[in-house]
Amino acid sequence: MDINRRNFFKIAGAAAASTIAVSEKPAHAAEPPAINADAYGCLIDTTLCVGCRKCEEACNERHSLAKPEQSFEELSVLENERRPDEHSYTVVNKYYPHSIGALTWRKRPTFVKFQCMHCNDPSCVSACIVGALVKQPDGAVTYDVSKCIGCRYCMVACPFQIPAYEYHNALTPEVRKCTFCFNYVKNGQLPACVQVCPREAITFGKQLELLKLARWKMKRHPGKYVDHIYGEYEVGGTSWLYLGSEPFEKIGFPKLGVKAPPRLTETIQHSLFQYFAAPIILYTTLGGIMWGTGMLKEKDAKKENKTD
Amino acid sequence: MNAHHDVAAPVEDKFLTPGVMILLALMFVGFAFALVRFIAGIGAVANLNNQFPWGLWVAVDVATGVALAAGGFTTGAIAYVFNRDQYHAVIRPALLTAMLGYTFVVLGLLVDIGRYWNISSPIFNHNGNSVLFEVAICVMIYLHVLYIEFIPIVAERFKGRVDLPGPLAKLNNQTEKVLDIADKILGKIMFVFIIAGIVLSCLHQSSLGSLMLIASYKVHPLWYTPILPLLFLLSAFAAGYPMVTFESIVVSTSFGRKPEMKVLTPLAKYMPIMMGLYLAVKIGDMIVRGTYVYLLDGTVQSICFIVEMLFGVMLPFTLLLFRKVRHSPGLLFFASTLFILGILFNRINVFLVSYTPPYIIKSYFPAVGEIFITIGLISTLMFVYRVCVHIFPVLGEEPKEITKKMSATAALSCALVLTLGFNGSAQAASVKTPQNSEDSVIAVTSGKVPMPVFETRTPSIKDAPKVIDLSSDLIKTYSDIYEPVRFMHSKHANVLNDCSICHHRIAREEGDTYGEPVTMARLQELEKLPDGCSVCHQKPFDAKQLHVPGLKGSYHQLCMDCHREAEQVAHRRGPVAYSAMVRGPVAHTLSSRAPSDCLSCHPKKVPDHKNLVKLEGTVDALAVTQNCLSCHEKEGKAILKTSHWNWHGSSPYTVGHESRVDLGKAHNTINNFCININGNWPRCTSCHIGYGWKDKNFDFTDMTKIDCLVCHDTTKTYKKAPPAAGFPEKNVDLIRVAQNVGRPTRDTCGMNCHFVGGGGDAVKHGDMNRGLLDASKNSDVHMGISDGGMDFKCQECHRTRNHLIAGRSISVPAAEGDLSCEYCHTDKPHIGRELIDHHLNKHSKHIACQTCHIPIYSKNKPTKVFWDWSEAGKDIKPPKDKYGMPTYLKKKGAFKWEEAVKPSYMWYNGTVKRYILGDRINTNGVTELNRPMGDQHDPSARIYPFKIHRGKQISDAVNKCLITPQLFGGYWKHWDWDRACRDGMEAAGMSYSGEYEFVETVMYWGLTHEVIPKEDALSCAECHTPLTKAPYCGSCHQERPEVDFSTLVHKGIDFKSLAAQGQDVSELVGKTDYIDFKALGYAGDPIEIGGRFTKLPLGLATKK
Ligand code: SF4
Ligand code: SF4
Ligand code: SF4
């Protein structure tokens, strides 16, 4: 068969087209994990939280974290927005969501406890290069330090900016975040923060039940809550849910969409690597071109020889 | 050196040039910083933080490094895949760059990842979902492919020339053979690796772009696009040839050769095509996603984007369209460099500039360490490159003549394959906000219809239990940080007046934990007391009833929701609202003072100090304090501000001295007991909460002198030695006491100090004595332990914060906190809705609670009521009075004691006129040392009961001021008043005329303890004489069958039966006009003549 240049690129084009065909199959869109009926979660009712920081203290004690400079009884630290870090898996922040013109109404603060949301479809888990982070069937997103290489991609990935890193540990730095007190919950105990909270601002239970409870609370106290359970849909849903009387953007929550970021990356990832189709096709195509151009070159050489 | 070999050969120039020296220096600095990073951690050299986990290292060392090493696979593609032999000249340098580039990417990664020693983990632990995993594996394989591709170059250099040093020389032959075989085999199958290299490159170059896709909410929309991987791939394609060009020209220049324009110019033809494609896709993407709206918003991000696009892509693209540019080494170099910088900038933009996490507590800019490590790595790379070209035949191959024109489509075909692949799979990341339609809520105002409350029906708030200990084992199993709350139930019942506010549901039958909602009327209909909280509220988070808070939660939710609504207001300054004992008409109502912090309701548990106290052997008191302070420095600092430590403090109630802070018995107040501290320190300060206050030079800023144990002892064994300036008795086992510290008790507050003020039991205070230690309810309803007393700790009323203790005595000026009966009992203290309650509550504006509820003081212990110092110094046998108390002591003179005394009644608005050292005495009569202020016309004054202590004490006969005699170690030793006066006044820093006299003084002591049970409070008839006779209340009120007026008005203290029980009250039997209206300024009994501000209701005239 006489392959001329034009024909050759037609073939190449066909190969390319087949790649598209393969990659457009809907089967390649990675499915989000469904909520496990047994998954636990927590529902934080921010209208109940009074910012006492007992949860911070209890978490600190249970996980033997470094003691902060100021005692947990010091409530002035709430005036600055904080984030969970390597020494505190959870922090309580104080927000003043009400303003009259330029004036902030400081009398009615809202307190919000933050910790890992234990997403249903966690970005950190999807991102982790070695699978050190795992979404457990019971809801917790856990971390296995022995696998971790310390690349901090989970931190980049987390939409809630939760995982923290021990930058000052030279040899055995760890990524640190709320564990959902995994080892305790497994044994039928409560997370430390849940257990200590005097106001029971945090309700511990099966995630699906908590969603029902949240709706029940909304119905029972009409007008008390905004019509939004934070975490019900955000980034594919989270095991920790929030109720609030203020729009969540005003009390320190990021405005997030319903789609879990891993759905995009995993879809790209899987369409490229399903059965290694894309690399193989590319490989053969390139091989074909190489072979083809080699042939052409030989032909040319022969022609030249002849004309010589 | 000959610049024009036909084939590549090692460079033979001088190796160490000034440029190389600079490289070495930079390498050294980078290495030094790297050392710090590996010894002290990333945090020591980098500004990376929890908000910005990736910084310069990832953006430059890794992402840009990989992009710029693209020259390797793109030249491979053109030279081998498209069989353009003429480009072989640039293949070797590009390959070397790629190989070194990737090697340094890995080195850079080792610096950046925290657990670098675990870098092989991805080989064993796979996460196929992770983009980074794919990048890592591709880079790893590709690095090996690059090394394999380089083997022929090594073989070429050493084939036939292997000359291993020393003993290894034996292996020369074998090595030679291996090289030969490798070279031959590789020569045949090299194409496998070359294509693999291209495929791997395409994969990970694009995946580097996918890396940031997962951070969809953090990357700025100008860069965030699902086709970011495609853009990365296209830009890598486009970067390949500019990089080769850049490098080739730099190398030629630095080795003094001519730029290899014969290769570079044809190569440059492809550049604008690649760049154009990249540019087109990028702009197209921007238009499709509509992100051009961000272009001109003036943020750092938009400016960076514009700079990147204009100078990094468009400018080089445009330049390269010109033939002249492609043919001029200088211009070509300029355009290539621009594009390379554009790529660098793009990677920095994608990984750093565009990255905006939701919470930026600390922003990021690369630290010096990061920058130098990066520069160090690049320098090392350049250095190694130089070493390599000196060893291996990399440079100098003569380019073949260019024979064929290249079709643009060919160059793009492999890009197209991937392009289309991506477009098929990538999805736009448009996200919808969740809609929660199911729960549309209808606002309903749940109106509670106020129900009339009828006292005669059960339950009424009168049935409310007084104080409930909210203690529960259930709560303790969950958290046991605080002591249980002592809940003032009847107070809350009184304030709220409706049980159903808290008791919101009621069980319908036995065992029903769901119940029905309830109102007061319903309860009364059922004649049922409401259920307690724990009937329904039990274990928290019971899966069967998740909506029911647990017991702890329900307490806190219910209590604090109310308390938070009525938040505590700041005290108003001024004598009235600030008053400790008086709550006049301008004082805040109680509803505004509900506390909502943890410590106002329950104290924290004191942990067992057995193991916390680190003391051994024999220790002295100061060592104990040192040990306490090792943990409690904050508390130590707090003590230094208290009046218990300083014995003076601010005294806003002292008339004429409201803003002074130095008033107190430490220097300048005086009493008619032991008079004053000056000159008498070691004796007086045996009650001080410190050690060693033996003269006026005591250092009040020295925490190490604090006596913690005198208040925190729980063993009842700690005693201070009387004249030892506060030090304990020798035989106290200090370690045992220290190991058993706890909250103060009646033993510490009372027995160590306040019950024995004035040097003996009940001497000073008329309402406090050792009898309170194990009081019965009859002695004091609050402190009573037996007979249904409430067993209050001192702190339950004297609330303490930071060691500042609420409450005060009128006898000393310093005050640290407000306190009154109304704190708990409200200003309508008489619970109930009957007429009598109404009348009694009306009293509370004019009469303090104490007036009726402490009808007699010093009920069980005689207290001193008179002290005559002028009699001192006689050697007579002390006579005893009817209570068995001595009425004379040589040291102190003559006294009188009294038991079960009727108080004196005075108007008091909370302020006090006080005698301060140096003031002139009242030469016309008795000098009042602390006079309660207020009179009948003062609306904030009320009638209070007082113990009056009269004295005759020493005074300067000329200067007419009271004298502070030195008694301890003075008069009590030499019995010479003159000398005692002289020494004492000198110690006080005052002048003494040399002549003394004894003058009469009086002190008033407030009475608030020894509250009698309410059945024994003063009866109406006790004060209001008209009520003792028929028709009693009937002068105004109609008779009612169920009320017996006569009993009603006489309900209260019965002195007759008290006398029969042996109390010394016989002269009070049958007494009327108990508080003496005339003495208080009334013209007569107010029920006959009207109140101080009001006329009688109904306008009834009095019966004469
Ligand atoms: S313990 Fe509960 S109430 Fe206190 S800060 Fe934490 S969540 Fe809020
Ligand atoms: S909140 Fe962040 S760290 Fe926690 S599971 Fe979700 S993505 Fe992971
Ligand atoms: S669940 Fe456990 S780890 Fe997480 S915040 Fe609560 S106590 Fe801390």
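Quick notes on this structure:
- With respect to the conditions (1) modelled with pLDDT of 95 or more; (2) under 30 Å from B:G969 (Cα atoms), B:E729 lacks only one, and its number is (1).
- Flag if B:N83 is assigned to a loop (DSSP other than H, G, I, E, B) and more than 43 Å from the chain's Cα centre (by Cα): yes
- Within the range B:705-727, the set of residues being within 37 Å of the chain's Cα centre (by Cα), of a type outside the set (D, E, K, R) and open to solvent by less than 40 Å² (accessible area, probe 1.4 Å) comprises B:I706, B:C708, B:L709, B:V710, B:T715, B:Y718, B:G726.
Conditions tested, residue by residue: (1) buried (at least 21 other Cβ atoms within 10 Å of the Cβ); (2) within 25 Å of B:P366 (Cα to Cα).
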| position | (1), (2) |
| --- | --- |
| B:R289 | no, no |
| B:G298 | no, yes |
| B:L320 | yes, no |
| B:I343 | yes, yes |
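- Qualifying positions in the range A:172-201 - farther than 22 Å from A:N120 by Cα and within 16 Å of ligand 2 (Cβ to nearest atom): A:E174
- Residue in the range A:233-245 that is assigned to a loop (DSSP other than H, G, I, E, B), more than 8 Å from chain B (Cβ to nearest Cβ), away from ligand 2 (no atom under 16 Å from the Cβ) and open to solvent by less than 10 Å² (accessible area, probe 1.4 Å) present: yes
- Filtering the range A:46-68 to residues that are more than 6 Å from ligand 1 (Cβ to nearest atom) and either closer than 26 Å to A:A214 by Cα or touching a residue at least 24 places away in the same chain (Cβ under 8 Å) (or both) leaves A:T46, A:T47, A:L48, A:E56, A:E57, A:A58, A:C59, A:N60, A:E61, A:R62, A:H63, A:L65.
- Consider the range A:185-214 and keep the residues that are facing another protein chain (nearest Cβ under 7 Å) and polar (S, T, N, Q). The one that is nearest to A:C116 (Cα to Cα) is A:T203.
- Subset of the range B:49-72 [open to solvent by less than 10 Å² (accessible area, probe 1.4 Å) and of a type outside the set (G, A, S)]: B:P53, B:W57, B:T64, B:V66
- Residues in the range A:35-47 that are assigned to a loop (DSSP other than H, G, I, E, B) and either within 16 Å of ligand 2 (Cβ to nearest atom) or surrounded by 22 or more Cβ atoms within 10 Å (Cβ to Cβ) (or both): A:I35, A:N36, A:A39, A:T46.
- Search result, residues across the range A:140-171 that are more than 7 Å from chain B (Cβ to nearest Cβ), away from ligand 2 (no atom under 11 Å from the Cβ) and either open to solvent by less than 20 Å² (accessible area, probe 1.4 Å) or within 17 Å of the chain's Cα centre (by Cα) (or both): A:D144
- Residue list for the range B:535-553, restricted to those being within 8 Å of another protein chain (Cβ to nearest Cβ) and either touching a residue at least 12 places away in the same chain (Cβ under 8 Å) or open to solvent by less than 30 Å² (accessible area, probe 1.4 Å) (or both): B:P540, B:F541, B:L546, B:P549, B:G550, B:K552, B:G553
- Within the range A:176-234, tally of residues that are away from ligand 3 (no atom under 16 Å from the Cβ), of a type in the set (G, A, S) and under 15 Å from A:L48 (Cβ atoms): 1
- Among the residues listed as B:V178, B:V192, B:V199, B:V244, the single one being free of Cβ contacts under 8 Å to residues at least 12 places away in the same chain, open to solvent by less than 20 Å² (accessible area, probe 1.4 Å) and either closer than 26 Å to B:I348 by Cβ or not acidic (D, E) (or both): B:V199
- Failed item in (1) modelled with pLDDT under 90; (2) part of a helix (DSSP H, G or I), with B:E1022 passing the rest: (1)
- Some residue of the range A:117-136 being more than 15 Å from the chain's Cα centre (by Cα) and open to solvent by 60 Å² or more (accessible area, probe 1.4 Å): no
- Selection within the range B:1001-1019: residues that are outside any loop (DSSP other than H, G, I, E, B) and in contact with a Ser or Thr (Cβ under 7 Å, 6 or more places away or on another chain). The member of this set that is nearest to B:A894 (Cα to Cα) is B:T1001.
- Considering the conditions (1) within 16 Å of ligand 1 (Cβ to nearest atom); (2) farther than 22 Å from A:V235 by Cα, A:I100 is excluded by exactly one of them, (1).
- Where A:S71 falls short, out of the listed (1) of a type in the set (G, A, S); (2) surrounded by fewer than 18 Cβ atoms within 10 Å (Cβ to Cβ); (3) more than 16 Å from ligand 1 (Cβ to nearest atom); (4) within 11 Å of chain B (Cβ to nearest Cβ): (3)
- Reported count of residues in the range B:783-804, each being open to solvent by less than 50 Å² (accessible area, probe 1.4 Å) and closer than 17 Å to B:D597 by Cβ, is 2.
- Qualifying residue in the range B:335-350 (condition: assigned to a helix (DSSP H, G or I), among the hydroxyl-bearing types (S, T, Y) and out of contact with any strand residue (DSSP E or B) (no Cβ under 7 Å at 6 or more places or on another chain)): yes
- Taken over the range A:205-228, the criterion of being hydrophobic (A, V, I, L, M, F, W, C) and within 26 Å of the chain's Cα centre (by Cα) is satisfied by A:L208, A:L210, A:L211, A:L213, A:A214, A:V226.
Results for (1) more than 27 Å from B:L213 (Cβ to Cβ); (2) surrounded by fewer than 16 Cβ atoms within 10 Å (Cβ to Cβ); (3) of a type in the set (D, E, K, R); (4) touching a helix residue (DSSP H, G or I) at 6+ places or on another chain (Cβ under 9 Å), shown as yes or no for each residue.
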{"position": "B:G114", "(1), (2), (3), (4)": "no, no, no, yes"}
{"position": "B:S120", "(1), (2), (3), (4)": "no, yes, no, no"}
{"position": "B:F133", "(1), (2), (3), (4)": "no, no, no, yes"}
{"position": "B:A136", "(1), (2), (3), (4)": "no, no, no, yes"}
{"position": "B:I148", "(1), (2), (3), (4)": "yes, no, no, yes"}
{"position": "B:K159", "(1), (2), (3), (4)": "yes, yes, yes, yes"}
{"position": "B:P167", "(1), (2), (3), (4)": "yes, yes, no, no"}
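- Screening the range A:90-164 for strands (runs of 3 or more DSSP E) wholly inside it with 2 or more residues that are under 18 Å from A:H63 (Cβ atoms) and either touching a residue at least 24 places away in the same chain (Cβ under 8 Å) or touching an Asp or Glu at 6+ places or on another chain (Cβ under 8 Å) (or both) returns the ranges A:91-95, A:110-114, A:141-143.
- Condition check for B:P682: surrounded by fewer than 16 Cβ atoms within 10 Å (Cβ to Cβ), of a type outside the set (D, E, K, R) and either touching a residue at least 40 places away in the same chain (Cβ under 8 Å) or farther than 25 Å from B:N697 by Cα (or both): no
- When each of A:V130, A:V91 is tested for being within 16 Å of ligand 3 (Cβ to nearest atom) and closer than 30 Å to B:G41 by Cβ, the lone residue that passes is A:V91.
The values are calculated or read from the model by the stated rules, or taken from the named source; none is laboratory data. All values derive from a computational prediction rather than experimental measurement. All Cβ positions, glycine included, derive from the backbone under ideal geometry; neighbour counts span all protein chains shown. Please note that ligands, DNA and RNA were not included when accessible areas were found on the heavy atoms of the full protein model with its side chains. Shrake-Rupley method; radii C 1.70, N 1.55, O 1.52, S 1.80 Å.
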